[in-house]
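One structure, as structure tokens, below. Some questions next.
Nothing in this text is a laboratory measurement; each read-out follows from the coordinates by a stated rule. If you're wondering where the values come from, they're calculated on a predicted model, not measured in any experiment. Heads up, the Cβs are rebuilt from the backbone with ideal geometry, glycines too, and the neighbour counts pull from every protein chain shown.
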Amino acid sequence: MAEAFNELTLSADKATRYAEVADEIASVLDGESNLTARMATVASMLANSFDHYFWTGFYVVDPAKPRELVVGPYQGTLGCLRIAFGRGVCGAAAETGRTQLVEDVHAFPGHIACDSRSASEIVVPVFDANSQLIAVFDVDSDKPAAFDAVDQAWLEKILGSVFGQ
């Protein structure tokens, strides 16, 4: 019973922090239209707001190779430079247009190990105001099962709000 209570408290605390950082991001980005500046700000502010984030950033759809993602603004260790649609967790999010919530990246078919310390991951597709995929937002953790429905709901909300969905 105490364990369930602790999990609910942690989820409520996490949701509260997401709400706060969502407001902070909106305030900082008010009037800023540059896509790179918006991505860099989101990656930085989220990475510095949560202890369970290990690597945080964007993989952007390459206009010259529209079925390939290229690393964009991020916080953390060296990221993979390019990822094909359908390959790994980021490629799966790009291919399907759906958030990928992975408790154990080592069990994910075709996982790309950009950093062997990553244990779990959430990847959210990012769409523009015309519902075109422009990027995926990738967050890795060095802890297993670090992400849950609270992370998913808030990341989808923040990214939708920032990038025009």
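If packing is taken as the average number of other Cβ atoms within 10 Å across a peptide's residues, how do 120-131, 26-37, 61-72 rank, most packed first? Working shown, then result.
On the way: 120-131: 18.8, 26-37: 11.0, 61-72: 15.0.
Result, highest mean Cβ count within 10 Å first: 120-131, 61-72, 26-37.
Using a Förster distance of 22 angstrom, determine the FRET efficiency expected from the C-beta separation of Glu20 and Asp142, and round it to 0.05. The partial results should precede the final answer.
Values: r = 24 Å, r/R0 = 1.09.
So the FRET efficiency works out to roughly 0.35.
Let me ask another. Among Val124, Pro63, His111, whose Cα lies farthest out toward the positive end of the dipole of the chain, if unit charges sit on the beta carbon of Lys, Arg (+1) and Asp, Glu (-1)?
Value computed over the given set: Pro63.
Kindly write out, for segment 90-107 in residue order, the coupling ³J(HN,Hα) from the Karplus curve 6.51 cos²θ - 1.76 cosθ + 1.60 (θ = phi - 60°), rounded to whole Hz, with x marking Gly and Pro.
5, x, 5, 5, 5, 5, 8, x, 10, 4, 10, 10, 10, 6, 9, 5, 6, 8
Normalising by the residue count of the chain, find the relative contact order in percent from Cα pairs under 8 Å and 6+ residues apart.
Values: 293 pairs, mean separation 33.2, N = 165.
With pairs under 8 Å counted, the relative contact order is 20 percent.
Report, ordered by chain and residue number, the lysines lying within cross-link reach of Lys65, taken as a straight Cα distance under 30 Å and ignoring same-chain residues fewer than 8 apart.
Lys157
Here's another thing I want to ask about it. Counting pairs of alpha carbon atoms under 8 Å apart in space and at least six apart in sequence, what relative contact order in percent does segment 28-90 give?
26 percent
In the chain, what cysteines have no partner Cβ closer than 4.7 Å?
So, Cys90.
May I ask you to compute the full-extension gain from His52 to Glu95, defined as 0.36 nm times their residue separation minus their alpha-carbon distance, rounded to one decimal in nm?
Numbers: separation 43, 0.36 × 43 = 15.48 nm, distance 2.62 nm.
So the extension gain works out to 12.9 nm.
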